[in-house]
Amino acid sequence: MVRDEKRAQQELLELNRQAAAKERERQRGRETSRQLLSTPEGRAKHVAATRKHHKANPHRQIANKLRVRVGDALKNDGARKGAKTMELVGCTIEHLMAHLERQFQPGMSWANQGLWHIDHVRPCASFDLTCPDAQRECFNWKNLQPLWAADNLTKSDRLDWTSRVNIPQR
């Protein structure tokens with residue numbers, strides 16, 4: 001019995017050592033990244049690598065933009081995220097991209113995504129984003145549409161009844 005307890009203690013100690021080593025490695029990586037991004041050359045290198053990566057994998061680019069936008073919207077509203085971004089969206093990134101592509105207006109493509117925005121049919125400002133259910137409704141894929149940047153900025157936080165009559169409901 002004593003041997004089993006000692007073995008269990010040793011195994012636990014080893015697991016703790018491994019976890020601590022893993023955390024030290026993570027911290028070392030964070031510090032390296034921080035130092036790299038602290039110089040203009042490092043930032044330029046990071047931006048170039050990110051652009052190259054996003055060009056090779058547009059799914060990643062859209063997912064990253066979604067994560068940032070959802071986080072910003074919630075932070076601006078003083079709310080905390082109730083779930084992971086793709087859980088809030090309610091579908092896979094591939095499904096979301098197909099949904100948006102079906103609604104592309106002439107001239108829209110993933111290659112010129114800076115000219116158009118992913119718009120909320122019902123604006124984020126109309127939701128109480130402190131409520132997890134409202135977050136799921138706001139960021140749901142059915143509430144997203146592609147819209148030319150100028151049109152989206154003009155629309156702002158108003159609900160445009162002429163563009164879409166069918167407002168998504170959960």
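No lab work stands behind these numbers, since they all come straight from the coordinates. Just so it is clear, the model here is predicted, and its values are computed rather than measured. Ideal geometry is used to build each Cβ from the backbone, glycine not excepted, and the neighbour counts take in all protein chains shown.
Taking the C-alpha atoms of the range 58-155, how large are the radius of gyration and the largest Cα-Cα span, Dmax, in Å?
13.0, 37
Taking every pair of alpha-carbon atoms in the chain, what share in percent sits in each 10 Å bin, from 0 to the bin with the longest distance?
Computed distribution, short to long bins: 9, 26, 27, 18, 11, 6, 3, 0.
Between Val47, Val89, Val121, which gets the highest mean-square fluctuation from a Gaussian network model of the chain, Cα cutoff 10 Å?
Largest GNM mean-square fluctuation: Val47.
Which lysines have a Cα lying under 24 Å from the Cα of Lys155, excluding residues fewer than 8 positions away in the same chain?
Within the straight-line limit of under 24 Å, Lys155 reaches these lysines: Lys65, Lys75, Lys142.
Tally Lys and Arg at +1 and Asp and Glu at -1 over the other residues with C-beta under 10 Å from the C-beta of Gln61: what net charge comes out?
+4
What FRET efficiency comes out for Gln9 versus Thr32 if R0 is 45 angstrom and r is the Cβ-Cβ distance? Round to the nearest 0.05.
0.80
Put +1 on the Cβ of each Lys and Arg and -1 on the Cβ of each Asp and Glu in the range 58-155; which of Gly82, Trp148, Ile118 then has its Cα farthest toward the positive end of the dipole?
Gly82
Would you mind checking the tilt of helix 2-37 against the longest principal axis of the Cα atoms of the chain, expressed as 0 to 90 degrees and rounded to 10?
50 degrees
Nearest 10 degrees is fine. How inclined is helix 40-56 to the longest principal axis of the chain, computing both from alpha carbons?
70 degrees
For labels at Gln18 and Asp72 in the simple 7 Å Cα→Cβ model, what's the distance in nm?
Each label point is offset 7 Å from its Cα along the Cβ direction, giving 4.1 nm.
Lys6: which lysines have alpha carbons under 26 Å from its alpha carbon, excluding same-chain residues fewer than 8 sequence positions away?
Qualifying lysines at Cα under 26 Å: Lys22.
If I take R0 = 30 Å and measure r between the Cβ atoms of Lys45 and Leu115 in this structure, what FRET efficiency does the formula 1/(1 + (r/R0)^6) give, to the nearest 0.05?
Efficiency for this residue pair is about 0.65.
State to the nearest 20 debye the size of the charge dipole of the chain about its Cα centre, where the only charges are +1 on K and R beta carbons and -1 on D and E beta carbons.
Here the chain has a charge dipole of around 560 debye.
Measure nothing but the geometry: give the 0 to 90° angle between the long axis through the Cα atoms of 58-76 and the longest principal axis through the Cα atoms of the chain, rounded to 10°.
90 degrees
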